[in-house]
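J.: Here it is: the structure, laid out below.
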Amino acid sequence: MLERFYTFLQTYISRFSEQTFLLTLSGGLDSVVMGYLFYKSKIPFAIAHCNFQLRDEDSDQDELFVKKLSQQWNVPFHSIRFDTLTFSKENKKSIQLAARELRYDWFEQLRQQYQYDYICTAHHKNDVAETMLYNLSNGTGLRGLHGIRALHKHLFRPLLFTNKNELLAFAKNNMIEWREDVSNQSNYYKRNYIRNKVLPLMKEINPQLIENMVETSVKLAEVEKIVAKSIEEKQLLKKEASYDSIDIAQVQQAASPLLVLSELLRSYHFSFSNVKQIIDALGKQSGTQFLSSTHSIVIDRGKLLISSRNSEPNTDSLENNVLYADANTCTIAHKKYIVSQEEKATFALDTLVQNVCLDMDKLSFPLEIRKWQQKDRFKPLGMKGFKKVSDFLIDQKIPLIEKDNIFVLTSKKEICWLVGMRVDDRFKISKKTKHIFYLKQA
């Protein structure tokens, strides 16, 4: 076991003996064997233990057991107690998901604080198979099907070279003691049911089930790399200022548009059924919209435009959405502006499109700030006649997804500024202007 452990470390981490590792020990068989292997290998490590306070005295005994191990091995020991039930209820998460979030956040805090190179968890081959089946039962993409990675950024799983039976035999042969978590025998949780019921039945069909599933997970991880590289090379996803975009033609040219788009939209929380609907709608007219729990997608002139559903602009800092002449600042669409009154004779005119200079004597205060409306029209600077704002936005090729975030500044209900885009010709600075109302983006 030790020799295979060495080989596995060398495969993933060069000069591993010079690295420092934070081992996450629960006190159970898997994590204690992991600690024992590091101890025997004389590799620098520290121990982190989470007490989730879910099993009364047993949780405290686990903590005490792991602390004694750290003293026996003479390594640093970190521990923390979480009020997991309260966190779970307040954040509307399952107990397992709450515990996972709490521990991984804390592990990362420790890693940064004490400058450990890697966080190590005691996942093994059985966990890979269990995770694959769990994800498959819930519906997943390539990422879920390849199970657990051995190394991902600062997270390392040094036991993925072995399985549960080998760990148990090694512990018994080396007279290693560990703590039993009786909750692992309960089939209340789906993962436990898969571990205790589903996998044993499947192993009756094929005794090599675990090894075969691990091998499949490695292959699927390689497929995911190929897909990710193809997406990256073609630059299918582009980041804009307030939205992301995907070129529809490039997606349709892919060998598998459905697979490519599902991978592209994974981080935006669109389900596979959502992606199928989007694929079916790619030839439809602009304006078709799709929603996930966190984002919206709009089809617009050959592109999929993606924006956060929580990015709605606000004007909370404006009293009744109005702007008075003596204001010092205002906020429009999350952007802060410095407001001032200037004398034209001593002022250097600002022509930046994000700022605005208006003839103050032509304004009637208070000014109103609001979103543009379909009925709106104004006289764009330099034009003789009026133009609908909707037509102006089309001429400027403003994406549909950005049109909802466009505001106007009005004086007596007349538009004097299409915010960040164009001044109305009637309120421009002229030779006759004496006083300037100036909004400068902070």
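The values are calculated or read from the model by the stated rules, or taken from the named source; none is laboratory data. Quick caveat, the model's predicted, so the values are computed rather than measured. Ideal geometry is used to build each Cβ from the backbone, glycine not excepted, and the neighbour counts take in all protein chains shown.
J.: Is it true that Thr331 is more than 35 Å from the chain's Cα centre (by Cα) and among the polar types (S, T, N, Q)?
T.: no
J.: For Met383, which of the numbered conditions (1) surrounded by fewer than 16 Cβ atoms within 10 Å (Cβ to Cβ); (2) out of contact with any Asp or Glu (no Cβ under 7 Å at 6 or more places or on another chain) fails to hold?
T.: If we test Met383 against (1) surrounded by fewer than 16 Cβ atoms within 10 Å (Cβ to Cβ); (2) out of contact with any Asp or Glu (no Cβ under 7 Å at 6 or more places or on another chain), just (2) comes out false.
J.: If you go through region 333-355, how many residues are part of a strand (DSSP E or B) and modelled with pLDDT of 90 or more?
T.: If we filter region 333-355 for residues that are part of a strand (DSSP E or B), which is where we start, we get 335-343.
Checking which are modelled with pLDDT of 90 or more leaves us with 336-343.
So the count comes out to 8.
J.: I need the helices (runs of 4 or more DSSP H) fully contained in region 111-188, keeping only those with at least 2 residues that are closer than 28 Å to His269 by Cα and modelled with pLDDT of 90 or more. Please lay out each step first, then the result.
T.: Details: elements: 125-138, 142-145, 164-173.
In region 111-188, 125-138 are the helices (runs of 4 or more DSSP H) which contain 2 or more residues that are closer than 28 Å to His269 by Cα and modelled with pLDDT of 90 or more.
J.: Among the listed residues Ser267, Ser245, which satisfies the condition of being hydroxyl-bearing (Ser, Thr, Tyr), on the phi < 0 side of the Ramachandran plot and touching a Lys or Arg at 6+ places or on another chain (Cβ under 8 Å)?
T.: Working: Ser267 fails: touching a Lys or Arg at 6+ places or on another chain (Cβ under 8 Å).
Matching residue, one of Ser267, Ser245: Ser245.
J.: Provide a single number: the residues in region 240-258 that are surrounded by 15 or more Cβ atoms within 10 Å (Cβ to Cβ) and modelled with pLDDT under 90.
T.: 3
J.: Which one is farthest from Lys403 (Cα to Cα) among residues in region 223-239 that are basic (Lys, Arg) and surrounded by 11 or more Cβ atoms within 10 Å (Cβ to Cβ)? Even if it seems obvious, please write down each step before you answer.
T.: Kept after step one, since they are basic (Lys, Arg), are these residues of region 223-239: 225, 229, 234, 238-239.
Filter once more, keeping what is surrounded by 11 or more Cβ atoms within 10 Å (Cβ to Cβ): 225, 234, 238.
On the way: Lys225: 37, Lys234: 28, Lys238: 19 Å.
Looking at the filtered set, the residue picked out is Lys225.
J.: Continuing with the same structure: Any residue that is surrounded by fewer than 16 Cβ atoms within 10 Å (Cβ to Cβ), closer than 26 Å to Gly35 by Cβ and free of Cβ contacts under 8 Å to residues at least 60 places away in the same chain - is there at least one of those in region 122-141?
T.: No, there is no match, as no residue in region 122-141 is surrounded by fewer than 16 Cβ atoms within 10 Å (Cβ to Cβ), closer than 26 Å to Gly35 by Cβ and free of Cβ contacts under 8 Å to residues at least 60 places away in the same chain.
J.: Would you please list the contacts, defined by Cβ atoms under 7 Å and residues six or more apart or on different chains, that run from a residue in region 70-91 that is free of Cβ contacts under 8 Å to residues at least 24 places away in the same chain and farther than 18 Å from His49 by Cβ to a residue that is of a type in the set (Ser, Thr, Tyr) and outside any helix (DSSP H, G or I)?
T.: Listed by first residue and then by second, the contacts come to Ser88/Ser94.
J.: Moving on. Restricting the search to region 405-426, which residues are in contact with a Ser or Thr (Cβ under 7 Å, 6 or more places away or on another chain) and surrounded by 17 or more Cβ atoms within 10 Å (Cβ to Cβ)?
T.: Pass one, region 405-426, residues in contact with a Ser or Thr (Cβ under 7 Å, 6 or more places away or on another chain): 405, 411-412, 416.
Correct list: Asn405, Ser411, Cys416.
J.: What's the total number of residues in region 259-294 that are of a type in the set (Val, Ile, Thr), surrounded by 15 or more Cβ atoms within 10 Å (Cβ to Cβ) and over 25 Å from Glu233 (Cα atoms)?
T.: Number satisfying all stated conditions: 1.
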